[in-house]
Amino acid sequence: MTRWLMHWLRRIVVLLVAAFLAVYGGDWAIYKLRGSPGAKVTVNNYVTIPLKGNRNEFDYLGTADVPCSVSLFSQAGQSPCWQLRRNPNQGASF
């Protein structure tokens, strides 16, 4: 019974890895065929400063236009535009 279960589990893992590689490879190919399209998204920048008593202070630093890739996954070291539009608040901590 366990041998049969391990066999099917191995098949499922191999299938999931192959599907991920196919989707990522397709995304990369489309990104390159389109000429590496990019855009800019306006994000809000914050910095988090730790205080005494496990409290934090959030300071607003302003807005900035961040370059992004028009793709499903990160390409060319840039975050995908859909992710930046969904999460416009970018924070850093000290």
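All of the numbers you see were taken from the coordinates with simple rules; none came from a lab. Quick caveat, the model's predicted, so the values are computed rather than measured. Neighbour counts run over all protein chains shown; Cβ positions are idealised from the backbone, glycine included.
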ask   = Within region 3-45, can you find the residues that are hydrophobic (A, V, I, L, M, F, W, C) and touching a residue at least 24 places away in the same chain (Cβ under 8 Å)?
value = 23, 28, 30, 39, 41, 43
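Can you find a residue in region 70-88 that is touching a Leu at 6+ places or on another chain (Cβ under 7 Å) and touching a residue at least 24 places away in the same chain (Cβ under 8 Å)?
no
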ask   = When you look at residue 59, is it closer than 18 Å to residue 87 by Cα and without any contact (Cβ under 8 Å) to a residue 24 or more places away in the chain, yes or no?
value = yes
